[in-house]
Amino acid sequence: MTYSTEFFHRVEGDLFIEQVPLSTIANEFGTPCYVYSRAALDSVWQRYDRAFGQRRHQVHYAVKANGNLAVLNTLARLGSGFDIVSGGELARVLAAGGEARKIVFSGVGKSAAELDAALRAGIGVFNLESPDEMERLNQVAGGLGLRARVAIRVNPDVDAHTHPYISTGLNENKFGVPMTEALALYRRAASLPNLEVTGVACHIGSQLTDLAPFEDAMARVMALVTALAADGITLSHIDAGGGLGIRYKDETPPSIEDYVAVLCRAIPDTYEICIEPGRSICGAAGVLLSKVEYLKTTPARRFAICDAAMTELIRPALYEAWHDVQTVSAEAAQQPEHRYEIVGPVCESGDFLASDRPLRLREGSLLAIMCAGAYGYAMASNYNARPRPPEVLVDGNAVHLARPRERIEDLFATERLLPDDPK
């Protein structure tokens, strides 16, 4: 079992989210459907916040993991900051009630328009990732008569031992600037009239299950901070990034408290510590509901063909990510058990949600794809002209439709036919 029984539990065999049967949500909103637990979101964010105790800190939720307005508003009400990587995410955070001064703007490709919008909004800090970005921000800020608060994202060349697609801390990755170039870049930043150097940032990857890479990265970052201080450049905050993993299958990630303790030991208390957790806050808080449309047997395999697909949850197809699959209703126990390939209707052989799973199914069975709250809906698509599913947030026994299901006509509402041929 990989899901938290505090927020997902069974009553007489039926799977509940908080106080609501998942079958009730499927009946009301249809499938596929994303469902999130507000209590789970609250609980994890507050664990991060409490773990720091009296240390100066800021928890910036990484919006890219799940940018639904109800999710963002839930965290904003707790006092969360936000880590964004686009102008669209900036607009989402502001629409959800997030405070601009608590926003960190990360990402390698910020456009001039995005920098302008963030400056006008009064965000807290820009994490710069290249010399050219630094010069562009200085120019845009100067045009507005503003000074931009900046940190430079350094690449410590630390192997996070995670999937190569979600590794960000090696010299071969596109993120950050090499440590060997950081001192010169900081000197340049300190000389520019429209920038105010306030910190240093570092993020080495995602779904980390070992504290050693964090310790290694922070040691290298603090060596840089010491060198900067000797050069007369004093920083006020250290941004340690995010990346703490969750349990999808049999992983044993460190506790939030142990992770924070590592950061507090590595970073002197003269600095504010900033972190950017995403997956670890929302990942286990959400499930994707799906219905089995057909059971199909071939000479090689048994397939459960579902109404959810790679268009709703691309992680398994993208990098063979593993998600637990649970039957929702108690009636499933009456069916014979077989090993199934859980697949969708999309016309790709790579369209699968799970492989070789022992389940008791029939046509019409409801399935819950667990730990789907992070990088689920956020990476959904309309491939094969499939409308994206609704998103529902549960708060105790209350059910809130956070986003309705797209309609087919929505998919081409802004498209235009060719004009009539001239006669």
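Just to be sure I understand: with springs between alpha-carbon atoms less than 10 Å apart, which residue in Val140, Val177, Val93 has the highest mean-square fluctuation in the Gaussian network model of the chain? Highest fluctuation among the options: Val140.
Over the residues of the chain, the helix contribution to mean residue ellipticity at 222 nm works out to -8500 deg cm²/dmol, using -39500 (n - 2.57) for each DSSP H run of at least 4.
Distance from the C-alpha centroid of the range 284-304 to that of the range 239-263: 31 Å, rounded to the whole angstrom.
Stretching the chain fully between Arg77 and Ile233 yields a gain of 52.6 nm (0.36 nm per residue, less the alpha carbon separation). Near Thr270, once Lys and Arg are set to +1 and Asp and Glu to -1 for all other residues with Cβ below 15 Å from its Cβ, the sum equals +1. Each of Ser111 and Cys264 was given a label point 7 Å from its Cα along the Cα-to-Cβ line. The distance between the two points is 4.3 nm. The lysine pair tally for the chain, using Cα distances under 21 Å and a gap of 8 or more places or different chains, is 5.
Residues whose amide H falls under 5 Å from that of Arg10, counting only those 5 or more places apart or on a different chain, are Phe16, with hydrogens built in the peptide plane.
Residues in the range 410-418 carry Karplus couplings, in order, of 5, 5, 10, 5, 9, 7, 10, 6, 5 Hz; the curve used is 6.51 cos²θ - 1.76 cosθ + 1.60 with θ = phi - 60°, and Gly or Pro positions show x.
With 5 Å bins from zero, work out the P(r) of the range 106-277 over every alpha carbon pair and list the percent per bin. With 5 Å bins starting at 0, P(r) equals 1, 9, 18, 20, 19, 15, 10, 5, 2, 1, 0.
Across the range 332-344, coupling constants 3J(HN,Hα) worked out from phi with the 6.51/-1.76/1.60 Karplus curve, θ = phi - 60°, read 4, 5, 7, 8, x, 8, 9, 9, 10, 8, 8, 10, x Hz, and Gly and Pro carry x. Annotation: amide H of Ile204 within the under-5 Å range of Gly242, sequence separation 5 or more or interchain, hydrogens built in the peptide plane. Computed from phi, the 3J(HN,Hα) profile of the range 147-157 under the Karplus parametrisation 6.51, -1.76, 1.60 (θ = phi - 60°) reads 10, 9, 7, 9, 10, 9, 7, 9, 9, x, 6 Hz, with x in place of Gly and Pro. Here the contact order of the chain, divided by its residue count and restricted to Cα pairs under 8 Å and six or more residues apart, works out to 19 percent. The list [x] 24.9; [y] 20.9; [z] 72.8 gives values of mean projected area of the Cα convex hull in nm², and only one came from this structure; which label was calculated from it? After the calculation, the listed value that fits is [x]. For trypsin sites (Lys or Arg not before Pro), the sites in the range 380-422 that DSSP calls loop and that have at most 12 other Cβ atoms within 10 Å are Arg407, Arg416.
Quick check: Cα centre of the range 349-423 to Cα centre of the range 264-280, how many Å? Centre-to-centre distance over Cα atoms comes out at 36 Å. Its Cα centre serving as origin, the chain has a Cβ charge dipole (Lys and Arg +1, Asp and Glu -1) of approximately 460 debye. Here Glu135 and Arg101 are evaluated by their C-beta separation; at R0 = 41 Å the FRET efficiency comes out at 0.95. Under 17 Å from a point placed 7 Å out from the Cα of Glu363 along the Cα-to-Cβ direction: which residues of the range 290-310 have their backbone N that close? Label zone hits: 291-298, 302-308. Checking every one of the GluC sites (Glu not before Pro) in the range 1-62 against DSSP loop status and a limit of 12 other Cβ atoms within 10 Å picks out Glu6, Glu12.
Taken together, the values in this text are just the output of simple stated rules run on the coordinates, not laboratory data. What you are looking at is a predicted structure, and each value in this text was computed from that prediction instead of being measured. Quick reminder, even Gly has a Cβ in these numbers, built from the backbone with ideal geometry, and neighbours come from all protein chains shown.
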